[in-house]
Amino acid sequence: MASTRSPTIRKTSPGTAEPALADRPVRAPAAAKGCYRYTLSSGLFGLPANAQSVDWMVVNDSPFALTFRVTVFKVGVGVKTAVAPGTLTLALAANEATHNANSVGSGKPFVPGFYYEVVVETDDLRLLPSVHVWQDHTNTVIPGTLISPGTFVQV
């Protein structure tokens, strides 16, 4: 709650009064909740005919633990929408990695015929995201589907 106390008034010259600088409240602007310094996008990508799973992964190459947010969007004509399970906020210790793979098919998070975008929000560009598409559910990557950390763009 903001203070209701008035700042001390000191005369700076005859006939004028303004709050002394030391008596003025100094507040840093509040950061928006969940606001990160960098937003990285994979750009749009489609799914090959034999796609069974889409896997995004990140490695924290920072010497510090990082908290970050990942959202996968389905994009057709019109407004993009978040894919299940929705936006994920995760924390990774230094030099750790994580991933999230989801199925492709009718009624699944990824549906053939649409474009997708992976958006990563972070405070440190040493968090390196990637995406690839599997031809099965055991991490057999379809050649040519890797979206590497250097391909993600800052938006």
Report, in cubic angstrom per residue, the convex hull volume of the C-alpha atoms of region 78-155.
-> 138
Taking protein heavy atoms only, a 1.4 Å probe, and rounding to whole percent, the accessible area of region 89-152 owed to carbon and sulfur comes out at 52
Long-range amide H contacts for Glu96: which residues qualify at under 5 Å (H placed 1.01 Å from N, peptide plane, sequence gap of 5 or more or a different chain)?
-> Asn60
In region 49-84, which chymotrypsin sites (Phe, Trp or Tyr not before Pro) are in a loop and have at most 14 other Cβ atoms within 10 Å, using DSSP for the loop call?
-> Phe64
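The values are calculated or read from the model by the stated rules, or taken from the named source; none is laboratory data. This one's a predicted model, so the numbers in the text were calculated from it and none came from an experiment. We place every Cβ from the backbone using ideal geometry, glycine too, and count neighbours over all the protein chains shown. For accessibility, only protein heavy atoms count, side chains too; no ligands or nucleic acids. Shrake-Rupley method; radii C 1.70, N 1.55, O 1.52, S 1.80 Å.
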